[in-house]
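Novice: Handing you this structure, nothing more for now.
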Amino acid sequence: MYVCLCVGVTDGQIRDAIYEGCCSYKEVRSATQVASQCGKCACLAKEVVRETLTELQLSRQAALPYPAEFTAA
Ligand code: FES
């Protein structure tokens, strides 16, 4: 789905930017140029970034052999 019509950025491209190392909306914006023209797509772009970062964080926590808040005594 196109998120940014001005620049032609899709939600997939935003997700790929995060999978390739971007850790924030600012970094995704810099990498993809999303929301760099009229800016009307900024809210949706931020939502896709937030969702993807949350999914990534949850999948990494699920991969841990013990809870993330675990501390050895
Ligand atoms: S729709 Fe993204 S900058 Fe205009």
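Novice: Pick from the range 22-38 the residues that are among the hydroxyl-bearing types (Ser, Thr, Tyr) and closer than 15 Å to Arg50 by Cα: which of them is nearest to the ligand (Cβ to nearest atom)?
Specialist: Keep residues of the range 22-38 that are among the hydroxyl-bearing types (Ser, Thr, Tyr), which gives 24-25, 30, 32, 36.
If we keep only those that are closer than 15 Å to Arg50 by Cα too, we end up with 24-25.
Working: Ser24: 18, Tyr25: 13 Å.
Step by step, filter the range 22-38, then rank; the result is Tyr25.
Novice: As an exercise: evaluate Leu53 against (1) exposed (fewer than 14 other Cβ atoms within 10 Å of the Cβ); (2) in a helix (DSSP H, G or I); (3) not hydroxyl-bearing (Ser, Thr, Tyr) and give the number of the one condition it does not meet.
Specialist: Condition (1) is where Leu53 drops out.
Novice: Among the numbered conditions (1) in contact (Cβ under 8 Å) with a residue 12 or more places away in the chain; (2) part of a helix (DSSP H, G or I), tell me where Val34 comes up short.
Specialist: (2)
Novice: Name every residue in the range 37-56 that is among the polar types (S, T, N, Q) and either touching a residue at least 24 places away in the same chain (Cβ under 8 Å) or closer than 12 Å to Asp11 by Cα (or both), in order of residue number. Full working, then the answer.
Specialist: Of the residues in the range 37-56, the ones among the polar types (S, T, N, Q) are 37, 52, 54.
Residues satisfying the conditions are Gln37, Thr52.
Novice: Pick from the range 22-59 the residues that are aliphatic (A, V, I, L, M) and over 15 Å from Cys4 (Cβ atoms): which of them is modelled with the highest pLDDT? Steps first, answer last, please.
Specialist: Filtering the range 22-59 for residues aliphatic (A, V, I, L, M) gives 28, 31, 34-35, 42, 44-45, 48-49, 53, 56, 58.
Narrowing further to those that are over 15 Å from Cys4 (Cβ atoms): 53, 56, 58.
Details: Leu53: 96, Leu56: 93, Leu58: 90.
Residue satisfying both the conditions and the ranking: Leu53.
Novice: Say we look at the range 1-21 and pick out the residues that are in contact (Cβ under 8 Å) with a residue 24 or more places away in the chain and either within 12 Å of the ligand (Cβ to nearest atom) or outside any helix (DSSP H, G or I) (or both); which of these is surrounded by the fewest Cβ atoms within 10 Å (Cβ to Cβ)?
Specialist: Leu5
The values are calculated or read from the model by the stated rules, or taken from the named source; none is laboratory data. In this text, all values refer to a predicted model and were calculated from it rather than measured experimentally. For neighbour counting, all protein chains shown are included, and Cβ atoms are generated from backbone atoms with ideal geometry for every residue, glycine included.
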